[in-house]
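Take a look at the structure set out below.
Every number in this text was worked out from the coordinates using simple rules, so none of it is lab data. Just so it is clear, the structure is predicted and the values come from calculations on it, not from any experiment.
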Amino acid sequence: MTKGEKKYHDCDPNIKIIKAGGYTKSELLQKMKENKIFLNELAEQLLASKYFEVSKKHYQAKVIELAVKDLGCIDGATTSRLFSKAADLKLEPCPLELAPYVRLAYLNQAEGYDENQLQHRAPYGSITIASKIFSEDVSVPKGFYLRRIQGNLWLRGYIADEEHVWNPDDHFIFCIAKK
């Protein structure tokens, strides 16, 4: 952590610089395929949607991985509350396009397979990419999350409504706002 960066509720934040942009959708998909990154149906849907726009220019994003409780939500939080708490700390949702680049940067993610996984919860070991919600339609994927399942890396899409409460131990990646 550099001098002057906020401390996030006594946690040791995982901050990374992600290089992004410059690829077409098909080039980005090819890059993920070359790195043996799997997609679920919801991720494929989101990547093909009008909401997923790619930047022709290269850019860098400074991101931080935090648990919901690190944002002060010790009992969990809805997405809107979580994003509000993050904004108070000068954190913002990531561009939707950033998710595949984050997946490519997080190749050493810990194993997250749990055969007793509960439904309607973020999977064990997953990291959700905080991104703007583009549609209130429950059937439209809301964003992406990263997961390693039995050694395989995944970029997965998810569906959640505004009533969904994220657990205190669920992990998110936010962009650190530029000054």
> What are the principal axis extents of the Cα atoms in region 44-167, in Å, biggest first?
Replying inline: 40, 36, 29
> With no solvent and one point per C-alpha, what does the Debye sum give as log10 I(q)/I(0) for region 53-99 at q = 0.16, 0.27 Å⁻¹?
Replying inline: -0.52, -1.04
>> Based on alpha-carbon centroids, what's the gap between region 82-108 and region 154-171 in Å, whole number please?
In response: 13
>> Counting each pair of different Cα atoms once, what's the Kirkwood radius of region 17-70 in Å, rounded to one decimal?
In response: 13.0
> What shape does region 9-107 have by the C-alpha gyration tensor, where a ≥ b ≥ c are the square roots of the eigenvalues, rounded means a/c under 1.5, and otherwise prolate means a/b greater than b/c and oblate the rest?
Replying inline: prolate
> Counting each DSSP H run of 4 or more residues in the chain as -39500 (n - 2.57), what helix-only mean residue ellipticity at 222 nm follows after dividing by all residues, to the nearest 500 deg cm²/dmol?
Replying inline: -5500 deg cm²/dmol
>> If you only keep lysine pairs separated by 8 or more in sequence, or across chains, how many in region 69-179 come under 17 Å at the Cα atoms?
In response: 7
> What is the chain's relative contact order, in percent, from Cα pairs under 8 angstrom and six or more apart in sequence?
Replying inline: 31
>> With only alpha-carbon atoms in the gyration tensor, what are the semi-axes of the equivalent ellipsoid for region 121-166, in Å, largest first?
In response: 21, 11, 8
